[in-house]
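Okay, structure first, notes after.
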Amino acid sequence: MSNFHSNVDINTHVGRRLREQRKKAGITLEQVSKILGITYQQVQKYESGHSRIPIDKLYDFSVLFGATMQYFFEGVNSLELYSKTAYGEELIPKKKNLHLNIFVLDDNPADEFVIRKAIYEIDKGICVFCVQNEGNVMHCLKRKDDASVVPEPDLIFMDISISKHNYHLLISEIKKEKNIQDIPLIILTHSVMVEDLLRVYKSGASSFICKSVDFETFKNDLRICIEYWSNVVVLPTLVKKRITIDRTEK
């Protein structure tokens, strides 16, 4: 049973779990800093909850300490967690079991089928929309012709193979588009080349998931990612919907 109180936010919660694992492993802040290539001060901020830990860094910590990703969020569902938004000082509660709209950008029908199957098994309530042609990506994301039929995406999963050589440019184009630039963009690929990792993050991607050849492993990776974006943090789309509702009610 967790000893944390309901007024503890998610960053503090994860930071405490991180510190517990570091001390349990007998590793100093300096050692963590050197191993993961981040500053001593940044590690302190993560542990204190003053900085949110990016999901890729959290994965590095889980590997370093031999802990599962789920470990850092244990007890979260028993807390009444809230996050401050830029909308004044109002607190917007996180919604559990939020029915997501996920856009999948993948030019491989077989991979698309696997992604659909995995997401369906994770949560049958999630709506999945697929785009297989690079030339249609921006048109579909902007929802120019069918905004009333296709909902605004909450998450975007993109396989870099949809753009054979200029995937980083496509990511940058998505992130420059005002109406969709705040939507989390998760990269899916079979490649784990260092160059790919650096390019996708520098281009504005939120995280990077390697497609495991084992279906259950891949499904579990997607589950962790989806739970993070739907149950742990407050999605930008939820904030925008709240602002729209409040303005309508005035």
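Taking label positions 7 Å along the Cα-Cβ direction at both His190 and Ile38, the computed distance is 3.1 nm, reported to one decimal.
Annotation: extensible slack from Glu74 through Arg116 equals 12.4 nm (criterion: 0.36 nm per residue apart, minus Cα-Cα distance). Between rounded, prolate and oblate, where does region 101-236 land on the alpha carbon gyration tensor, with a ≥ b ≥ c its root eigenvalues, rounded for a/c under 1.5, else prolate if a/b exceeds b/c? Since a/c stays below 1.5, the shape of region 101-236 is classed as rounded. Model label sites at Ser212 and Glu177, defined 7 Å from Cα along the beta-carbon direction, differ in position by 3.2 nm. Measuring between alpha carbons in the structure, the pairs from Lys23/Lys202; Lys45/Lys142; Lys45/Lys175; Lys57/Lys175; Lys34/Lys117; Lys24/Lys202 lying more than 29 angstrom apart are Lys23/Lys202; Lys45/Lys142; Lys34/Lys117; Lys24/Lys202. Sorting Asp221, Asp106 from the fewest to the most surrounding beta carbons within 10 angstrom yields Asp221, Asp106.
Sorted fewest first by neighbouring Cβ atoms within 10 angstrom, His50, His168 come out as His50, His168. Remark: Tyr228, Tyr46 ranked as Tyr228, Tyr46, counting other beta-carbon atoms within 10 Å and listing the fewest first.
Working from label points 7 Å from Cα in the Cα-to-Cβ sense, the Gln31 to Asn108 distance is 3.9 nm.
Every number in this text was worked out from the coordinates using simple rules, so none of it is lab data. No experiment lies behind these values; they were computed from the predicted model shown. No Cβ is skipped: glycine too gets one built from the backbone with ideal geometry, and neighbour counts run over all protein chains shown.
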